[in-house]
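Structure first, then comments.
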Amino acid sequence: MTYDGRAALFAGCVGAVLAGIPSTTWALVHGDDVLDGARAAGAIVLRDEQRTPVLLAAAVPVHLALSLGWAAVLAATMPRGAEPATGALAGLGIAALDLVGVGRRIPAIRALAQPPQWADHVAYGLAVGVALRLRRR
């Protein structure tokens, strides 16, 4: 398998844009604040910060770096032909690392409703898988 950096970049961007759909939908349906997840992403690097604009500014590069980094890993390891399914399963693995491993140490992430966060990770993996399949054709 040959690594395609452009495909990984494309897939990471697609995943970054689409991954928040489940949690945003959940927040809208339940009347929660749609920015909670973004503030929590900013809290990864600014744990004591409380101001929303600062946390959102920090969240953008954090989210993009994680999305592109995981996409690079998936692009390098994902077998051809089963990208969407493999991506969705990889999203569950990434969720376990992000939410259970790292996230439990960060109060803002720990405070998030967990089902939509897991769904976001599956959506990310699925989006990356679909994008890789489209680029690999």
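The values are calculated or read from the model by the stated rules, or taken from the named source; none is laboratory data. Computed from a predicted model, the values in this text were never measured in an experiment. Here the Cβ positions follow ideal geometry from the backbone for every residue, glycine too, while neighbour counts run over all protein chains shown. Surface areas here come from the heavy atoms of the whole protein model, side chains and all, with no ligands, DNA or RNA. Shrake-Rupley method; radii C 1.70, N 1.55, O 1.52, S 1.80 Å.
Evaluated against (1) closer than 15 Å to Ala108 by Cβ; (2) not in a helix (DSSP H, G or I); (3) not β-branched (Val, Ile, Thr), Leu55 falls short on exactly one condition, (2). Of all residue pairs spaced 6 or more apart or on separate chains, those with beta-carbon atoms under 8 Å, a first member in region 77-105 that is over 21 Å from Pro115 (Cβ atoms) and a second member that is among the polar types (S, T, N, Q) and assigned to a helix (DSSP H, G or I) are Met78/Thr86; Pro79/Thr86. Where residues in region 18-48 are under 11 Å from Gln117 (Cβ atoms) and in a loop (DSSP other than H, G, I, E, B), which of them is most open to solvent (accessible area, probe 1.4 Å)? The selected residue is Gly20.
When you go through (1) touching a residue at least 12 places away in the same chain (Cβ under 8 Å); (2) out of contact with any helix residue (DSSP H, G or I) (no Cβ under 6 Å at 6 or more places or on another chain) one by one for Val128, which number turns out not to apply? Condition (2) is where Val128 drops out.
Please work out if Pro61 is over 16 Å from the mean Cα position of the chain (by Cα) and open to solvent by 60 Å² or more (accessible area, probe 1.4 Å).
Numbers: over 16 Å from the mean Cα position of the chain (by Cα): no; open to solvent by 60 Å² or more (accessible area, probe 1.4 Å): yes.
Judged against the criteria, Pro61 is not a match.
Tallying residues that are open to solvent by less than 50 Å² (accessible area, probe 1.4 Å), at pLDDT below 95 and over 14 Å from Gly37 (Cα atoms) within region 102-137 yields 1.
The residue of region 79-101 that is most open to solvent (accessible area, probe 1.4 Å), among those that are at pLDDT 95 or above and more than 26 Å from Leu56 (Cα to Cα), is Leu89.
Restricting the first member to region 109-121 and to residues that are without any contact (Cβ under 8 Å) to a residue 12 or more places away in the chain, and the second to residues that are assigned to a helix (DSSP H, G or I), the beta-carbon pairs closer than 7 Å and six or more apart or on different chains are Arg110/Gly103; Arg110/Arg104.
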